1. Only Cα pairs under 8 Å and at least 6 apart count here; give the relative contact order of the range 171-225 as a rounded whole percent.
2. In Å, the Kirkwood hydrodynamic radius of the chain over pairs of distinct alpha carbons?
3. Out of the total accessible area of the chain (probe 1.4 Å, heavy atoms of protein only), what percent is carbon and sulfur?
4. Using only Cα atoms, tell me the angle between helix 3-13 and the longest principal axis of the chain; keep it within 0 to 90° and round to the nearest 10.
5. May I ask you to give the solvent-accessible area per residue for the range 25-172, in square angstrom, as obtained with a 1.4 angstrom probe?
6. Quickly rank 4-16, 34-46 as a protection proxy: mean count of other C-beta atoms within 10 Å, highest first.
7. So which residue, out of Arg100, Arg145, Arg191, gets the largest mean-square fluctuation from a GNM of the chain using Cα contacts under 10 Å as springs?
8. Multiply the residue gap between Asp130 and Ala22 by 0.36 nm, knock off their C-alpha separation, and tell me the result in nm, one decimal place.
Amino acid sequence: MNSGVLADAAKSALKVVDQKSATPLMHGVRITADSGIELLTTNGTEWVSLERHAVVEEPGETVVSCKPLADITKTLPHKPVSMETDGPMLVLKCGRSTYRLNTLDANDFKTVPDMDEGRSVSLSVETLLDMADIACQAAGKDASRPIMTGVHLVVSDGRARMEATDTYRLVSVDAAGDGDFEAVIPAQRLRDALGMMSGDVTIYSNGRRICLHSGNVTYVTRAIE
């Protein structure tokens, strides 16, 4: 794997890490090596999974603190990087650089929850970004009023509409879109997720959680009632 690819993945994975948590695993990123490399992070209510191509000599998985991994990888030269476990350590090598990171037990890491049957819709990331860039500006910031921090996405009758309000402003924007879907998605999480994605994005909702999936990226967050 190229160091730049790993650095971009670690930076994206860091977005849902709870760096203030007293639980070490909440700071961690689970690295799974199988047919490629998967980086998975969670803060307990949100998850992001990023899969990247890599040559895997021996399958396995481990957990390391995500912030140090992101900090290290962004300084590496653009050369191939290798990772292997050595007892309780993950050894990362790139060019002349070698780093050793403490590992945590991967068995205790909270995996992505299964999404029950629910509605789904597929839209291009360009369409969603264009709509979100406008609608999210009107979303509120007050966490005590969760509904105001979200964007209302409705797809029906060949149109997709996204709207948001902080009670002082109301923004509504629409575009072409096929399907039958409705959900309220946390505005900031929507923008974070879309920033990692390309191509078509499929959005699932079971009423409790929202899952956005595109290619090798999966982002799960809570739904707002």
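1. 33
2. After inverting the pairwise mean of 1/r, the radius is 18.6 Å.
3. 46
4. Its long axis makes an angle of about 50 degrees.
5. On a per-residue basis, the range 25-172 sits at 56 Å².
6. Peptide ranking by packing, descending: 4-16, 34-46.
7. Arg145
8. This chain segment gains 35.1 nm when fully extended.
The values are calculated or read from the model by the stated rules, or taken from the named source; none is laboratory data. Just so you know, these numbers come straight off a predicted model, no measurement behind them. Quick reminder, even Gly has a Cβ in these numbers, built from the backbone with ideal geometry, and neighbours come from all protein chains shown. Heavy atoms of the whole protein, side chains included, go into the accessibility calculation; ligands, DNA and RNA do not. Shrake-Rupley method; radii C 1.70, N 1.55, O 1.52, S 1.80 Å.
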